[in-house]
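Participant: Could you have a look at this structure, given as structure tokens, before my questions?
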């Protein structure tokens, strides 16, 4: 066995008193696996006889994050993984897709503190369903921070050009229902009639390994307009 | 300015107002039952076992019945023979040859079904608790503590042991495809013998 032990840990791992550890040990495994405790819970107080132990406290932007009023509570994370297990995005995409050490919802709010540009798209990969916040044992408002990061990243001009332009266009489109429905109809026609080489090429990296959704004959809105909206008008007219 | 000083300076500048975040009193929460039944339930939930004596059983006969194929039974306690004593295991690597390790734990935690071991019980050969195939832990009911809070507050071992481990059942992992595998990284079974 090597007689040298080097432990590295983030500065936010420190708890004030030994007695406080009970709180966190109890939270950890029941939020992760649902078991009362992990099989091995190890306490290193010093080196083995004749050996050396060194503890390296890593800052790497954590002390600066403590000063970010809207984001500092992410330092409370105990790395249980409850937010990941419940996240509909993480459950489909897996940890590697985040491209960072910390994945899942918690990763999406702490990775940008290490590098805003590199991880600028992570806070956008969320449906804002809030499930992560709901299960977090240390009560981090994860989905609210995801939303706040989107604003911060846009203000800092960290969004890639294409994403920024698409968001801009989508915003305009979705703000005008008539325009939006015309566009949807156009898309359905395009999906069903255009040849493959037009739909699947370098302009559509999304379609590289995936099929585009099947075109539908009728959208829900057009069906509703045709069947229900008419009935409503007629029944109203009858009463009058 | 050293990195230590610059980190501390940033922390002081950025920390929330300490007056608004007083240190809460030490929490002692949850069920205060320090009973044997609660301990056994929790231990079995995580795959641990109780080595129950039959009529006229000693620890040696109980171990022989439970582990009939065991060749090397290593004892870390004065009141049990075994085939080899832990003091005679020359290196941490040699502990890997052990089939069954018999060791006495200073205390258990009822809430979790955990037992505590440190270098004091392992003759400073910490690998013995992990490299052995099976471990039999001698535990006394009077040394049970209710839960994690009472353990950290009451037990002096946390303030003296250099290496202290809470073991709860055999080693287990379910990282791959969600299949639970026992004994992949440590002991294949953990049995408690009441004294």
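Derivation of every value follows stated rules applied to the coordinates shown; laboratory data play no part. Values in this document were obtained by computation on a predicted structure and should not be read as measured data. With ideal geometry, Cβ positions are generated from the backbone for all residues, glycine too; neighbour counts draw on all protein chains shown.
Participant: Report, in degrees rounded to the nearest 10, the 0 to 90 angle that the Cα long axis of helix A:161-174 makes with the longest principal axis of chain A.
Facilitator: 50 degrees
Participant: Next question. Between residue B:195 and residue A:218, how many nm apart are label points set 7 Å from Cα along the C-beta direction?
Facilitator: 8.1 nm
Participant: A further question on this structure: Work out, in µm²/s and without decimals, the Stokes-Einstein translational diffusion coefficient of the range A:1-58 at 10 °C, 1.306 mPa s, Rh from Kirkwood over C-alpha pairs. If you can, show how the numbers build up before the last one.
Facilitator: Numbers: Rh = 13.4 Å.
Once the numbers are plugged in, D ends up at 118 µm²/s.
Participant: Could you tell me how many degrees, from 0 to 90 and to the nearest 10, lie between the Cα long axis of helix A:21-32 and the main elongation axis, the longest principal axis, of the Cα atoms of chain A?
Facilitator: Rounded to the nearest ten degrees, it is 40.
Participant: For chain A, divide the Cα radius of gyration by the Kirkwood radius and give the resulting Rg/Rh value with two decimals. Don't skip to the answer; put the middle values down first.
Facilitator: Numbers: Rg = 25.3 Å, Rh = 22.5 Å.
That ratio is 1.12, to two decimals.
Participant: Another question, if that's okay. If you count, for every residue in A:28-40, the Cβ atoms of partner chains within 10 Å of its Cβ, what is the mean? Working shown, then result.
Facilitator: Numbers: counts 0, 3, 0, 0, 0, 4, 0, 9, 12, 12, 6, 18, 13.
Mean number of neighbouring Cβ atoms from other chains: 6.
Participant: Ranking request for peptides B:8-19, A:129-140, A:202-213: highest mean number of other beta-carbon atoms within 10 Å first, then the rest in descending order.
Facilitator: Values: B:8-19: 12.1, A:129-140: 17.6, A:202-213: 9.5.
With the highest mean Cβ count within 10 Å placed first, the list reads A:129-140, B:8-19, A:202-213.
Participant: Nearest 500 deg cm²/dmol is fine: what mean residue ellipticity at 222 nm does the protein assembly as shown get from its DSSP H runs of n ≥ 4 alone, each adding -39,500 (n - 2.57), divided by its residue count?
Facilitator: Values: 17 runs with 157 residues, N = 435.
Taken over the protein assembly as shown, the calculation gives -10500 deg cm²/dmol.
Participant: Right, next: Quick one: which of B:46-59, A:187-200 comes out on top by average Cβ neighbours within 10 Å, and what's the full order, highest first? Write out the running numbers ahead of the final one.
Facilitator: On the way: B:46-59: 14.6, A:187-200: 11.7.
By packing density, highest mean first, the sequence is B:46-59, A:187-200.
Participant: Also, quick follow-up: With the Cα gyration tensor of the range B:24-194 in hand, give its eigenvalues times 5 under a square root as the equivalent ellipsoid semi-axes, listed largest first in whole angstrom. Each step should come with its number before you reach the end.
Facilitator: Values: eigenvalues 131, 65, 64 Å².
Those come to 26, 18, 18 Å.
Participant: What is the mean number of Cβ atoms from other protein chains located within 10 Å of the Cβ atom of each residue in peptide A:20-27, rounded to a whole number?
Facilitator: Details: counts 6, 5, 14, 7, 1, 8, 8, 1.
Per residue, the average neighbour count from other chains is 6.
Participant: Separate question: What fraction of the DSSP beta bridges in the protein assembly as shown is antiparallel, stated in percent and rounded to the nearest 5?
Facilitator: Working: 13 of 40 bridges.
Counting DSSP beta bridges with both partners in the protein assembly as shown, the antiparallel share is about 30 percent.
Participant: Could I ask something else about it? Residues of B:178-189, mean number of Cβ from any other protein chain within 10 Å of their own Cβ, rounded to a whole number? Let's see the in-between values first.
Facilitator: Numbers: counts 0, 0, 1, 0, 1, 0, 0, 2, 2, 2, 0, 0.
Mean shielding by partner chains, rounded to a whole number: 1.
Participant: Round to the nearest 10 and give me the degree value, 0 to 90, for the angle of helix B:3-14's Cα axis relative to the longest principal axis of chain B.
Facilitator: Tilt relative to chain B: about 60 degrees.
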